[in-house]
Every structure is written in structure tokens, then in C-alpha cells.
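Worksheet: one structure, shown below.
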Amino acid sequence: MAETGTKKRKGLDLQWKILIGIVLGIALGLFINVTYGPGVESGPIYIIKIIFKYGGDIFIRLLRMLIIPLVFASIFMAIVNLGDVRALGKLGGKTVGFYFLTTALAVAAGLLVVNLFNPGLGIDKEALSALGIGTEVPGKVGNAGVGEKSPVIIIIDTFVNMIPKNAAAAFASGNILQVIFFTIFLAIMASIVGKASDTMTSAIHGLDRIMQAGIMAIMKIAPYAIFMLVTAIFMDLGFAALAALGKYALTVLVGLAIHAFITLTALVWILGKYNPIKLFKAVAPALMTAWSTASSAATLPITMSNLTERAGVDPKISNFVLPLGATVNMDGTALYESVAVIFIAQLLGIDLTFGMQIVIFITASLAAIGAAAIPGAGLVTMGIVLTAVGLPLDGIGLILAIDRILDQFRTAINVWGDACAAVVIARTEDAITEPESGTPGLESAAA
Ligand code: ASP
């Protein structure tokens, strides 16, 4: 992976360009929002919004286009390079164990802040109902029927459903977990077959290289596309809802900050023996893309590229750990769900006992594992947690209005959690070289 474009180039590094895109997008979006009001549905402003939405959509589609071939080729090569099946078993066990640990720590942080801040108490309910908050339930929640499933079934389902009934269908429908399972199986069989699989292995190696080059190419438009995406989001942001639910939003953000800056940072520092600031700089493009797109799946190609090209993690580790993490390890989502459910309970005047909070602790962790890595997925699986403690699904309507903006933050933390895991796991495998100093990296992804 590290072979593509390791030359230093002139000009601003990628993360700065993206940051400028975000800042300008926020400024322009807010300006339009304040001047013309949110949700303009006609006229020139509407046309601008549509053009910007398409601009952002093209970028997200290009990234998503790469996911399946990238995940397939990079996991295959990671496993072939690992050597033997026992090494893979050990790596898999460590990865899943670490993911469970960080998800649990995230929920614990969520429960801590929500019990300290009590955002649902003393909220202006009249302001909420004046805004129509609390009436809509996202259709997907009912359709998915997640509310009826028990947590145990959800987790068993997630693992059993990893086995595709039809490998081609798994690729065609873009089911990442199933593609991962099939690819692991294929790679193990390739190593059993030995020499006879050499031609195929070298073809997949070629595909892997081509996909890396594809990421580099797409990253060139990232700052501009992100500018468009962010402008369109801020043009539509409802400030009245944000103000009414401000204490709740703040509680989520404080919880996410504790998890990101204290818990995960400490794990990177202590277990990963890696400077967290350097890691942060290395994966900044991925974090900002996650924040802008609210999709860890769409961000995955960039996360993989940043970890190997800029953070010095051996691709044989990160190419296995990251695709799995993007789909099952969602610290931000887990934390968010625990805060949201308790907020809803407080708002409805329902007292949650300690036992119920334990149920939330478990179900929020599982719901996050089951959530898809796409925008708004956490909101859908929240039905699991609400049902587990006997709260009405309608509660989701209460927080719907500001979900997108919070989704952006929790997705960034989901990706940060994956990046931290890749570093810690790579350290235990002695498969990481921390860049010397300054901005990590090989500005290979920069335009
Ligand atoms: N949007 C999140 C992600 O892609 C999932 C969620 O809705 O919490 O990671």
C-alpha cells in the first residue's frame, strides 16, 4: 500500500485543505441560513442547495464505489501476508475483544454524562411541541422491526448473518460483513492450496494497488466536495430545534469528547505506545470526511489509506482491523444511543432504575454493533434500546430534528475508535512504525 506516491509535494497538506472546505462551508451555509431561513424549497438558493448536494453526493458515491473491491483485495492480501491461520485467529480475537472493550467504555462515558447533566429534566416542553418535535417517528424504525428483537438475538443475528447465502449477492448488495467473511474464507483456502493460488493472489495484489491509487485520485476532490456537503447541511440546519434541544446536544458532545480525548487517547498512549497527537494528525482527513459525510462506510477507504500511508501501520493489520471496525465498532453510536434513551426517558418523566441503566448499557453496545455504517443508522437501531427498557418508539421523534448534526460527530468518533484500535492492535503485533516528527506522513494523499 505504501508504494503509491510517497513523494513530498508542494502546497497545503490535505487535512488543511479539507479543514478550509469545512470552515468555508459552515460560513456560507450559515450565511444563507440566516439570510433566507432554513429549508428553502424554490428559487436560486434552492438551486444552489441542489447543486451542492449533488456535488457532495458524487464524492460519497465515488468513495462507496471503492469499498467492496477495496475491502475484498485488502483483506485478502492482509491474510495472505499474515501467513498462517493461527495468526489470523489471534488477530481476530484481539480485535473483537478490543472493540467490545472500547464500546463498553463509550457507553459508560455516555451514562456518566447523562446522569450528571440530566438534559431531559427542566427542558422547555412547550418550545419542543411548538416546533412539532416529538410527533414523527422515522418510518425505518417500524419497518426494520428492530424494536421486537431481543438483544441476544440481535448479536447472534449479526454473527450468523455474516455468512453469505450467496457470495455473489453479498458483493452485489455491498454487504461488507459478508464480504469480509467470504474473503477471509477465500484467503485461508488460498493458503491451503499454496502454489496453485499464486496467479490469483498476484491478480488480487494488483487490484489492491489499483484501489489505493483510486483513493488517492478521489481524495483530490475531497476538500471541494466536503465544502459543498457542509454548505448544504448548514443551509438547512434548524436552529430553533438545536436551541430547544441544546442541553441534550451538549451532553452528547461532552460524552463523545470524554471518550475520544481521554479514554481512546489513553489507550493509544498506554497500550499503543503511540503519540495520540501524531495519530490525530495522521487520520485528520478521515475524521473530517467522517464528520462531513456521517458515514463510516463511505470514509473507510480514506481511513485505511491514512492509517497505512500517514500513521505507519502495517497494512496487514489495518486492512483487517479497519473494515471490521467500520461495520461493528461504533463507539460514538453506542454512547449516543445511551444518552438519547435516557434523555427520552427523562423527558417523558420516566424514572430509570439502576437495573434499567444496566439494560441500556448492554443493549446500547449491541445496538451499535448492529448499526449500519451509514447516516442515521444509529437512530434506527435505537429502537432496540428503547424497547428493552419499555419506552415508546415515538421517543425517537423527540431527537430526530437534530440527529444529522449529532450523527456527524458520533461518526467521527466511530472512525477515531477504529483508528485507535488499529494502532493498539498493530503495536501488539509489532507491526507499526511511528513517523518521526511533524505532520505524519507522506503527503501522498494530498492534492
Ligand atoms: N452514521 C454512523 C456511522 O456511519 C452510524 C450512526 O448512525 O450512528 O458510523
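Every number here is computed from the coordinates shown, using simple stated rules; none is lab data. Values in this document were obtained by computation on a predicted structure and should not be read as measured data. Note: ideal-geometry Cβ built from the backbone for every residue, glycine included; neighbour counts use all protein chains shown.
Between Asn115 and Leu242, the modelled labels are 3.1 nm apart [label points 7 Å from Cα along Cα→Cβ]. Do the alpha carbons of any pairs in Lys90/Lys165; Lys165/Lys273; Lys49/Lys278 sit beyond 30 Å of each other, and which pairs? Over 30 Å Cα-Cα: Lys165/Lys273; Lys49/Lys278. Computed from backbone phi, the HN-Hα couplings of the stretch 37-48 come to x, x, x, 5, 10, 7, x, x, 5, 5, 5, 4 Hz, rounded to whole numbers (Karplus: 6.51 cos²θ - 1.76 cosθ + 1.60, θ = phi - 60°; Gly and Pro given as x).
Given the -39500 (n - 2.57) contribution per DSSP H run of 4+ residues, what per-residue ellipticity at 222 nm results for the chain, rounded to the nearest 500 deg cm²/dmol?
Values: 22 runs with 327 residues, N = 447.
Value at 222 nm, helices only: -24000 deg cm²/dmol.
Let's test the formula: R0 of 60 Å, r as the Cβ-Cβ distance of Lys125 and Asp198. What FRET efficiency results, to the nearest 0.05?
0.35
Full extension of the segment from Asn161 to Ile45, taken as 0.36 nm per residue of separation minus the current Cα-Cα distance, would add 37.3 nm.
By how many degrees, 0 to 90 and rounded to 10, does the Cα axis of helix 354-370 deviate from the longest principal axis of the chain? Tilt of helix 354-370: around 50 degrees.
Here is the link list: Lys281/Lys316; Lys17/Lys281; Lys247/Lys281. Which ones come out longer than 18 Å on Cα distance? In this structure, Lys281/Lys316; Lys247/Lys281 lie more than 18 Å apart at Cα. Distance between the 7 Å Cα→Cβ label points at Ile210 and Ile262: 4.9 nm. Scalar couplings 3J(HN,Hα) for the stretch 281-291, obtained by applying the Karplus form with A = 6.51, B = -1.76, C = 1.60 to θ = phi - 60°, are 5, 5, 9, 3, x, 5, 5, 6, 5, 4, 4 Hz; x denotes Gly and Pro. Magnitude of the charge dipole for the chain, about its Cα centre and with charges confined to Cβ atoms of Lys, Arg (+1) and Asp, Glu (-1), is about 940 debye.
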